[in-house]
1. Considering only DSSP beta bridges with both partners in the chain, what is the antiparallel share in %, to the nearest 5?
2. Out of every Cα pair in the range 265-313, what percent are spaced more than 18 Å from each other?
3. Quick check on the exposure proxy: order R65, R129 from fewest to most C-beta atoms within 10 angstrom.
4. Residue by residue, what Karplus-based ³J(HN,Hα) values in Hz, rounded to whole numbers, does the range 244-259 have, using 6.51, -1.76 and 1.60 with θ = phi - 60° and x for Gly and Pro?
5. Using +1 on the beta carbon of Lys and Arg, -1 on that of Asp and Glu, and nothing else charged, what's the dipole of the chain about the Cα centre, debye to 20?
6. Enumerate the whole-percent occupancy of each 10 Å bin, from 0 to the last occupied one, for all C-alpha pair distances of the range 69-131.
7. Considering the range 263-381, what Rg and Dmax in Å follow from its alpha-carbon atoms?
8. Would you mind counting up the charge near Q329? Only other residues with Cβ under 15 Å from its Cβ, with Lys and Arg at +1 and Asp and Glu at -1.
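The numbers here are math on the coordinates, done by the rules we state, and not lab data. For clarity, every value in this text was computed on a predicted model and none was experimentally measured. Neighbour counts run over all protein chains shown; Cβ positions are idealised from the backbone, glycine included.
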Amino acid sequence: MADLPRVADVVIVGGGVHGASLAYHFARKRAGRVVLVEKEFLASGPTGRSTAMVRRFYSLDFLTRTANRSADVFNTWPEVIGGGDPGFHRIGYIIVAGETLAPHLARNVARAQRLGARVELISRDDLRRLVPQMAVEDVALASYESDSGYADPSSTTTALAGRARELGATLVQFTATTRVLTASGTVRGVETTAGTISAPLVIICAGPWAARLLAPLGIVVEIRSVRHQMAVFERPAELPSHPAIRDLPNNTYMRPDHGHITLHGVGNYDEVVDPDTCSDRADPTEIARNVHLIVRRLPVMEKALVRGGYAGVYDVTPDEQPILGPVPQYEGLHACFGWSGHGFKHAPVIGDIVSDVALYGRSEEYDLTPFRLSRFQEGALLPDGSPVGATGPEWSDA
């Protein structure tokens, strides 16, 4: 484990996938002495419990652009990142919608296609060909991304962090950041359990713990730590594999994992917890609910073996969208947290954007203004950004 440097040019607080991406991009841009500080080990927090879906579109154009470009990175990792293995599996990604949400899905797919996202609308007959075991009677429309899928969250984080280290960054693990140091409205560094680092630039990527670091600075951030749960199934021989599936009529999602395993979860939760003490195991009642729901979509899974489950924590903002960019109260303080459960897939590109804004004051291609921290006080919350969000044209450049 690296010793704690006493001086840096950039300090990144948090060793999840976004922190690792930022460390890589800062190092790639030769931003000087780049230090990432993680209180446990890389991907030990929410990242390690992510299902790590890689998909391409939302109802907000900004998120479509970053998701689509990141998916391209996963598909061409050796050429773009230059090292490490994110454990990406190109298995395809399907969204199925009922009558009510089908028009929203159709509109957002069309918008995504105009932005260059490789996604197409498909029919029930197409679904039957892709997944013969799927029940489709309640499906009005579906979308399909043939070169999407999932990655391994820990491997992705380690790959980005490894490249950052190769490019000169220092990674300090098992060291908690206890305080952001400031003076005269300017960031001066951070205090950690191993000592102080002086630095003019600090990026907070601390997820559910971000609000605790900002509160002593007089910055109030509403972040709910929401516990989500996943059930683990061993598929029967009749279902050797399947694409990743977002099942809107049942409000669930699933993807295969190594061997004959399928991970399955419900689309939203509201159990607010302490991220330091909450259980990391799925509740028996929740596993039972997942059994019922997965069999609705894949009746063959009635023959599956239940292999337990696990739980993680999302850092959820009031509009379920991230806080990105400068924290205006203090020069040199920047944010990248509050992803509300859909941040993994954007990380390879978001690290590039946020580091550009921190180093140069702007990004050439992306505007972070809609994701500013002050939007909550201004009443400028972002709309539903999901693939079936009913977003109006005024958000086309968000």
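1. 70
2. More than 18 Å apart: 36 percent of the Cα pairs in the range 265-313.
3. Numbers: R65 22, R129 10.
In increasing order of surrounding Cβ atoms, one gets R129, R65.
4. 5, 9, 9, 9, 5, x, 9, 6, 9, 8, 7, 8, x, 10, 4, x
5. Working: 39 positive and 45 negative charges, 102 e Å.
Its charge dipole is roughly 500 debye.
6. Per 10 Å bin, starting at 0, the Cα pair percentages come out as 17, 38, 31, 13, 1.
7. Every Cα atom of the range 263-381 included, Rg and Dmax give 19.1, 58 Å.
8. +1
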